[in-house]
């Protein structure tokens, strides 16, 4: 008994410690998903570069819910307008962007309404 | 440099001594503007600094000036001060020995269709000795609002998107709009309604009436890869076939080019703001950055001179230098 007592006390101390540890780990674990969510809070994203009067990549394939950003790197303004008008940017001057979240699957052909030879395609899966 | 692919003035229909070499010399001035003289249906081009054609101007002649693509508001490295170069163009016009009767501005007045950009151009043009200015819109003038502001400012007494015609000294001038409702993959567009109006507009004219057509985008296919043309221009030109003398003046491509096709002379004017590359000479038609001391040699004004007796219209391109 005598031997056991300190052992028991020790054991109790240990188990309290482990409880504390376990609790902190749990708290940390609980916090983790939240932290991950805040990093990737928005939907997945993709970018199309507007440069030299063309869209790169010319065809972009994304999962539904992806947020797509077009960025104009030219010294001349451009627009991004889908043929079926399901998305339409304002005029983008140099370095301005337009963002569109593709929610509905399908193939969207789009063009620059100022320079209609500039065309691109967005495939939403 | 600009003239490398120049396929114009290979013909000397009038045997008037305007050979290709001489013409190319004129083209080297490309930049500020051009003086146009149409002779026997063939348009000739002289530098604004060349006194020869203007010195001969008679009362029956019609002289006017074309400027284009002032892009007010543009401030990128290709030209950080487009107001200064427009002012230089106006100074050039004011210095002409024979004052032109009016100015044609073939579009892209503004860079981003902003009210202050249009205001700035109006203010600069007020210092021109000639007060009448006729406009057509470029695609940069009709951004965001389908040209509503453009028509409020310049569209009085015009039809549709801003097209109209008028007569000066026996010459019939037609302003066309080819920058609206552009279709994906296409070029400039006139549209059915405007084509119908055009057919009706020229119906009553005698075939000896000299006709001048002006629009922003080229009405001939200069370089479809860059959209430098107008999808339905052939139909417009078909209505003008019966006329002995047709001159087509455009802007948009920020360089002078000329072509003669039968009775039709095509001419594009230089920009007053910044040059663009020769067709296919760069990855894209974006603004061309040239050494500062060269810039004004690539900007310009076009002076047009119609000599009634000789049934001739001469075009003179001159630079801002």
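The values are calculated or read from the model by the stated rules, or taken from the named source; none is laboratory data. What you see is a predicted model; the values in this text were computed from it and never measured. When we count neighbours, we look across all protein chains shown, and the Cβ atoms used for this are built from the backbone with ideal geometry, even at glycine.
Considered as a group, the residues in region B:150-174 that are in contact with a helix residue (DSSP H, G or I) (Cβ under 7 Å, 6 or more places away or on another chain) and outside any loop (DSSP other than H, G, I, E, B) include one that is farthest from residue B:240 (Cα to Cα), and that residue is B:153. A Cβ distance below 6 Å, combined with a sequence gap of six or more or placement on separate chains, defines the contacts here; from region B:92-107, residues that are on the phi > 0 side of the Ramachandran plot reach residues that are crowded, with 18+ Cβ neighbours inside 10 Å in the pairs B:107/B:136; B:107/B:137; B:107/B:138; B:107/B:216; B:107/B:251. One residue alone among B:244, B:262, B:251 is away from every other protein chain (no Cβ under 14 Å), in contact (Cβ under 8 Å) with a residue 40 or more places away in the chain and surrounded by fewer than 17 Cβ atoms within 10 Å (Cβ to Cβ), and that residue is B:244. Number of residues in region B:108-130 that are in a loop (DSSP other than H, G, I, E, B), touching a residue at least 24 places away in the same chain (Cβ under 8 Å), more than 14 Å from residue B:251 (Cα to Cα) and away from chain A (no Cβ under 14 Å): the value is 4. In region A:102-125, the qualifying residues are those that are surrounded by 14 or more Cβ atoms within 10 Å (Cβ to Cβ), more than 8 Å from chain B (Cβ to nearest Cβ) and modelled with pLDDT of 95 or more, and the one that is farthest from residue B:229 (Cα to Cα) is A:124. Scan region B:269-298 for residues that are away from every other protein chain (no Cβ under 14 Å) and more than 13 Å from the chain's Cα centre (by Cα) and the total you get is 9.
Do you know which of the residues in region B:299-321 that are surrounded by fewer than 24 Cβ atoms within 10 Å (Cβ to Cβ) and not in a strand (DSSP E or B) is modelled with the highest pLDDT? It comes out as B:321.
Any residue at all in region A:92-100 that is surrounded by 15 or more Cβ atoms within 10 Å (Cβ to Cβ), closer than 23 Å to residue B:224 by Cα and either within 14 Å of chain B (Cβ to nearest Cβ) or within 20 Å of the chain's Cα centre (by Cα) (or both)? There is no residue in region A:92-100 that is surrounded by 15 or more Cβ atoms within 10 Å (Cβ to Cβ), closer than 23 Å to residue B:224 by Cα and either within 14 Å of chain B (Cβ to nearest Cβ) or within 20 Å of the chain's Cα centre (by Cα) (or both).
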